[in-house]
Amino acid sequence: MKVVLFGATGKTGTRLLQELVSRGHRVTAAARDVRKLSGTAAHAVKQDDLSDARGIAATIAGADAVISAYAPPADDTDQLVGVTQRQVEAVRRAGVDRLLVVGGAGGLEVAPGVSLIDSGHLPPPYLPIATSHVKALDVLRQSDVDWTYLAPAAYFEPGERKGTFRLGTNELVTDARGESRISMEDYAIALVDELERGAHRRQRFSIGY
């Protein structure tokens, strides 16, 4: 597929780029600073700071799908909400079939009707970005585009590409010890699987070991 990947220079984005290219997809890597994409394995590179829906639409024109691994600045996490709104508008303008988004774990349920944010177990420094992710998901849900939102486990870090994991829907996936973890490498497998199979259209789903 022809895929435009936003946030291609970030921790998750670089692993998504590697997974996409390894499976033969033609990836356009988009970033604010294209110098960071020097030597990338992407088919093409484009500069885009995600500040304008028309500009985003021009960047993604002709793509089969858009994947957003955009991460907002730590001191203004609600930039994620505006970026999601502009991406939705751009996908609609450009007529791109799908928008897949790297989500957050904070809105997932740890008990029926109780999110990780509501549980009080999320450390305070993570509350702003977790709340912004919930708002961004609401933007997707209220839109008419074909979106998918993959929420990671609570501990989402670079690690091993095991190729084994479990998927959920709206719940936080935990292991037998009650821990919720996923490597960015295995997360990338699941998101590219979703790109190829389309099993969770207009849905959030979750992942963990």
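The values are calculated or read from the model by the stated rules, or taken from the named source; none is laboratory data. Note that the coordinates shown come from a computational prediction; the quantities given were computed from them, not determined experimentally. Here the Cβ positions follow ideal geometry from the backbone for every residue, glycine too, while neighbour counts run over all protein chains shown. In case anyone asks, the SASA skips ligands and DNA or RNA and just uses the protein heavy atoms, side chains included. Shrake-Rupley method; radii C 1.70, N 1.55, O 1.52, S 1.80 Å.
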**Asked** With the other protein chains left in place, how much accessible area per residue, in square angstrom, belongs to the chain at a 1.4 angstrom probe?
**Response** 47
**Asked** Say R0 is 22 Å: what FRET efficiency, to the nearest 0.05, do ALA44 and ASP75 get from their beta-carbon distance?
**Response** 0.10
**Message:** Shape verdict for the chain, please, from the Cα gyration tensor: rounded (a/c under 1.5), prolate (a/b greater than b/c) or oblate.
**Reply:** prolate
**Item:** Spin-label pair GLU196/ASP138, simplified geometry with 7 Å Cα→Cβ offset, distance in nm
**Value:** 3.6
**Asked** On full extension of the chain, what length is gained from ILE129 through ARG166, given 0.36 nm per residue of separation minus the C-alpha to C-alpha distance?
**Response** 10.9 nm
**Item:** Contour excess over end-to-end distance, with Cα ends at GLN203 and SER22 and 0.36 nm allotted per residue
**Value:** 62.6 nm
**Asked** Among the aspartates and glutamates, which have Cα under 20 Å from the Cα of LYS162 when same-chain residues fewer than 8 positions away are ignored?
**Response** GLU19, ASP175, GLU179, GLU185, ASP186, ASP193, GLU194, GLU196
**Request:** Kindly write out, for the range 20-25 in residue order, the coupling ³J(HN,Hα) from the Karplus curve 6.51 cos²θ - 1.76 cosθ + 1.60 (θ = phi - 60°), rounded to whole Hz, with x marking Gly and Pro.
**Result:** 4, 5, 5, 9, x, 6
**Prompt:** Of the heavy-atom accessible surface of the chain (probe 1.4 angstrom), what whole percent is carbon and sulfur?
**Reply:** 48
**Whether the range 76-152 is rounded, prolate or oblate, judged on the alpha carbon gyration tensor where a/c under 1.5 counts as rounded** = prolate
**Asked** Where does helix 184-197 land angle-wise versus the long Cα axis of the chain, in degrees 0 to 90, nearest 10?
**Response** 60
**Prompt:** Quick one: helix 127-142 against the long Cα principal axis of the chain, what's the angle to the nearest 10°, folded into 0 to 90?
**Reply:** 60
**Prompt:** Cross-link partners among lysines for LYS46, C-alpha distance below 29 Å, same-chain residues fewer than 8 apart left out?
**Reply:** LYS2, LYS11, LYS36, LYS135
